[in-house]
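Dumping the structure here so I can ask a few things about it.
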Amino acid sequence: MRFKASFPIIVILLSLLTPISCDKPNKPNVLFLLADDAGFESGAYLNKIVQTPNIDDLARHSLLFNNAFVSVSSCSPSRAAILTGQPTHQNGMYGLHNSENHFNSFDGIKSLPNILKDHGIRTGLIGKKHVGPSSVFKFDYEVTEEGHSINQVGRNITHIKLLVRDFLKSVNDSQFFLMVAFHDPHRCGHITPEFGPFCEKYGSGQEGMGLIPDWQPIYYQWEQVPLPFNIPDTEPARRDIAAQYTTISRLDQGIGLVLKELKESGLDKDTLVIYTSDNGPPFPSGRTNFYEPGFNVPLMMSSPDKKRWHQSTYAMTSHLDLLPTFLDWYGIPQNFHTSTNEITSYTGKSLLPLLDQEPPASDETVIFGSHNFHEVTMAYPMRTVRNRKYKLIHNHNYDSKFPIDQDFYVSWTFQDILNRTISKTKLPWYKNLRTYYNRPEFELYDMKKDFAEMQNLAYRKDFAKVRKELEDKLWNWQVDTNDPWRCAPHGVLEDKGEYKGNPSCLTLGHDEM
């Protein structure tokens, strides 16, 4: 820990875009497809059970990313990070935006739709918005949960198809950015349990469930679903996954409908298509965690010039790279002033150069994560840094037990884990609740040898050098992004008054007590 020292805040400024050889259209557009809590449940990522022909077809027309990571594994903070190019501690969206949580980004933040509006590009958002305030994230065309049923705009793929058609007709000769934010495969058992744990009955045509005309429900046998390493091999967990797979298929069919609308509009030849998920699935070690099931997400990028179609990349990639990629595609400079007259800085990079060639593999390339809350009652600040081989997690609230969000708490999977633990019944899981709740301050894992993150190397002397190097990289990034938590948990940041211009970490005396 660094105490009583001065650390000038380093501002990283990205100048005008570096030219790339990707042959961009004269009037480039973007279609951004965002899933809600999806992981690697697709044939493109080698799942042999779930049926995702449209996602798989998109992968054949895309560069597929194997090392793509979220900036934060939580819904609203992740969406805000994507749309601002800044981590949650920098843009101010510390937790969920909805209901009693009421988190908002800082008023002076310049988000992607507002940047594009300044350059005459028409913007649209269909589906789940889940960020605020409205003035910061203002799209020209919005049909979201703010004025409609979230299931209607986020899961009714027939309705989504018609909204996409309406938006594309409104474009005329303008360039556009369209974000289609599906609500699948997010859980819904906490809010509307009558539709099933993942809303897999919604619109199915069953009695009282309504009908989505374009959806052909696919049902899965719970005995046959493949189990990721992080999920217990129990009947309740398997039934949970089978329900999730049904909504993955609805997501897939929705993506197919949207891509068909784009093609029939004739605008596909000018449009960059990107597909990803806001965070990993709501299962153990998934959403709200920086373990791989919550941190590592699917990402596909399809360029109309057909470069690197049906190829894969292992380049280390962050959601913080998406906004620089969008700006690069439109040819928009990345250095500009916010409404508070501050110069915006990004630590992400454009992904468009990957369409030309695969960069050399390097352990020097790192990506970062920042988490503070999910729900307002779930204060658990974490920071992480990962390269191709190692991951370091810093748990600031390591003296507290890791919190469980409401959606996951009522799930069949967690309730089974909880009940088996309380009754001391055998639990076929790779962890137990004691180790899941109680985490050390630092966790260091060799991701080449220990993908399940079972062996913490942070306190081994033979890994002290690795830990120190990663800690230094994480610290420098926190300084670059003006992280208010950078002195936590053993120090307090003083950067005002007599410390203005000379920010310092002052000790709390934890080590002396």
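The values are calculated or read from the model by the stated rules, or taken from the named source; none is laboratory data. Because the structure is a prediction, the values reported are computed rather than measured. Heads up, the Cβs are rebuilt from the backbone with ideal geometry, glycines too, and the neighbour counts pull from every protein chain shown. Just so you know, the surface numbers come from the protein's heavy atoms only, side chains and all, with ligands and any DNA or RNA stripped out. Shrake-Rupley method; radii C 1.70, N 1.55, O 1.52, S 1.80 Å.
Add +1 for every Lys or Arg and -1 for every Asp or Glu among the other residues with Cβ under 14 Å from the Cβ of Glu207, and state the total.
0
Using the Cα gyration tensor of the chain, with a ≥ b ≥ c the square roots of its eigenvalues, what is the shape: rounded (a/c below 1.5), prolate (a/b larger than b/c) or oblate (neither)?
oblate
Got a sec? What order do Asp57, Asp278, Asp399, Asp118 fall in by accessible area at 1.4 Å, biggest, i.e. largest, first?
Result of the area sort, largest leading: Asp399, Asp118, Asp57, Asp278.
Tell me the trypsin sites (Lys or Arg not before Pro) within segment 64-156 that lie in a loop according to DSSP and have at most 14 other beta-carbon atoms within 10 Å.
Here the trypsin sites (Lys or Arg not before Pro) that fit, given the DSSP loop and packing criteria, are Lys138.
About the Cα centre, and with charges only on the beta carbon of Lys, Arg (+1) and Asp, Glu (-1), how big is the dipole of segment 296-395? Nearest 20 debye, please.
300 debye
Classify segment 249-368 as rounded, prolate or oblate from the Cα gyration tensor: take a ≥ b ≥ c as the square roots of its eigenvalues, call it rounded if a/c is under 1.5, otherwise prolate when a/b beats b/c and oblate if not.
Rounded.
Provide the descending list of Cα extents for segment 383-513 along its principal axes, expressed in whole angstroms.
For segment 383-513, the Cα spread along each principal axis is 57, 33, 30 Å.
Taking the alpha-carbon centroid of each part, what is the distance from segment 109-138 to segment 453-508 in angstrom?
33 Å
If packing is taken as the average count of other Cβ atoms within 10 Å, what order do 362-369, 243-250, 379-386 fall into, highest mean first?
By packing density, highest mean first, the sequence is 243-250, 379-386, 362-369.
Note down the magnitude of the dipole of the chain about its Cα centre, charges +1 on Lys and Arg C-beta and -1 on Asp and Glu C-beta and zero elsewhere, to the nearest 20 debye.
Using Cβ point charges on Lys, Arg, Asp and Glu, the chain gives about 700 debye.
Further question on the same structure: Using a probe radius of 1.4 Å on heavy atoms only, what accessible surface per residue do you get for segment 303-462? Whole Å² is fine.
46 Å²
Ignoring any ligand, DNA or RNA, what whole percent of the accessible area of segment 173-239 comes from carbon and sulfur when the probe is 1.4 angstrom?
49 percent
How many Å² of accessible area per residue for segment 154-194, probe 1.4 Å?
With all protein chains present, segment 154-194 gives 36 Å² per residue.
Right, here's the next one. How large, in percent, is the carbon and sulfur part of the accessible surface of segment 369-513 at a probe radius of 1.4 Å?
Carbon plus sulfur share of accessible area: 52 percent.
For segment 209-271, which GluC sites (Glu not before Pro) pass both filters: DSSP loop (anything but H, G, I, E, B) and at most 12 other C-beta atoms within 10 Å?
Within segment 209-271, the qualifying GluC sites (Glu not before Pro) (loop, at most 12 other Cβ atoms within 10 Å) are Glu223.
Return the lysines within reach of Lys161: Cα separation strictly under 27 angstrom, same-chain partners fewer than 8 residues apart disregarded; answer none if there are no such residues.
Correct list for Lys161: Lys24, Lys27, Lys117, Lys128, Lys129, Lys138, Lys169, Lys201, Lys260, Lys263, Lys269, Lys306.
Which value, in Å³ per residue, describes the convex hull spanned by the Cα atoms of segment 91-160?
Spelled out: Cα convex hull of segment 91-160, divided by residues, is 87 Å³.
Next question, about the same structure. Nearest-5 percent of antiparallel DSSP beta bridges in the chain?
Roughly 55 percent of the DSSP beta bridges within the chain come out antiparallel.
For the modelled label position 7 Å from the Cα of His510 along Cα-to-Cβ, which residues of segment 426-461 have backbone nitrogen atoms closer than 20 Å?
435-445, 456-461
Now a separate question. What net charge do the residues around Pro381 carry, taking every other residue with its C-beta under 15 Å from that of Pro381, with Lys and Arg at +1 and Asp and Glu at -1?
-1
On to the next question. For Leu227 and Glu364, compute 0.36 nm times the residue count separating them, minus their Cα-Cα distance, and round to one decimal in nm.
46.0 nm
What does the charge dipole of segment 386-513 about its Cα centre add up to, to the nearest 20 debye, if the Cβ of each Lys and Arg holds +1 and the Cβ of each Asp and Glu holds -1?
760 debye
Then there's this: Quick check: convex hull over the Cα atoms of segment 133-273, volume per residue in Å³, rounded to an integer?
Residue-normalised Cα hull volume stands at 156 Å³.
Checking understanding here: applying a Kyte-Doolittle mean of at least 0.5 and a length along the axis of at least 20 Å (C-alpha), which whole DSSP H helices in the chain pass?
For the chain, where a helix must reach 20 Å along its axis and average at least 0.5, the hits are 157-171.
Continuing with the same structure: Need the full-extension length gain, Lys461 to Glu194, defined as separation in residues times 0.36 nm minus the C-alpha distance. One decimal, nm.
Full-extension gain reported as 90.8 nm.
Nearest 500 deg cm²/dmol is fine: what mean residue ellipticity at 222 nm does the chain get from its DSSP H runs of n ≥ 4 alone, each adding -39,500 (n - 2.57), divided by its residue count?
Taking each H run of at least 4 residues, the total per residue is -7500 deg cm²/dmol.
Now a separate question. For the pair Asn335/Tyr314, report the inter-label distance in nm, with labels modelled 7 Å from Cα in the Cβ direction.
For the pair Asn335/Tyr314, the computed spacing is 3.5 nm.
Counting only protein chains, not ligands or nucleic acids, how are Asp107, Asp184, Asp270 ordered by accessible area (probe 1.4 Å), most first?
The residues order as Asp107, Asp270, Asp184, largest area first.
Run the simple label-point estimate for Ser134 and Asp450 please: 7 Å along Cα→C-beta, distance reported in nm.
5.0 nm
Local charge sum around His97 (other residues, Cβ-Cβ under 9 Å, Lys/Arg +1, Asp/Glu -1)?
+2
DSSP loop chymotrypsin sites (Phe, Trp or Tyr not before Pro) in segment 203-244 with at most 14 other Cβ atoms within 10 Å of their Cβ, which ones?
Tyr219, Phe229
Let's test this: bin the Cα-Cα distances of segment 189-238 at 5 Å from zero up to the farthest pair and state each bin's percent.
5, 18, 20, 21, 19, 12, 6, 1
I would also like to ask the following. Of the options Ile212, Gly120, Tyr430, report the single residue whose Cα projects farthest towards the positive end of the charge dipole of the chain (beta-carbon charges: Lys, Arg +1; Asp, Glu -1).
Farthest along the dipole direction, towards plus: Tyr430.
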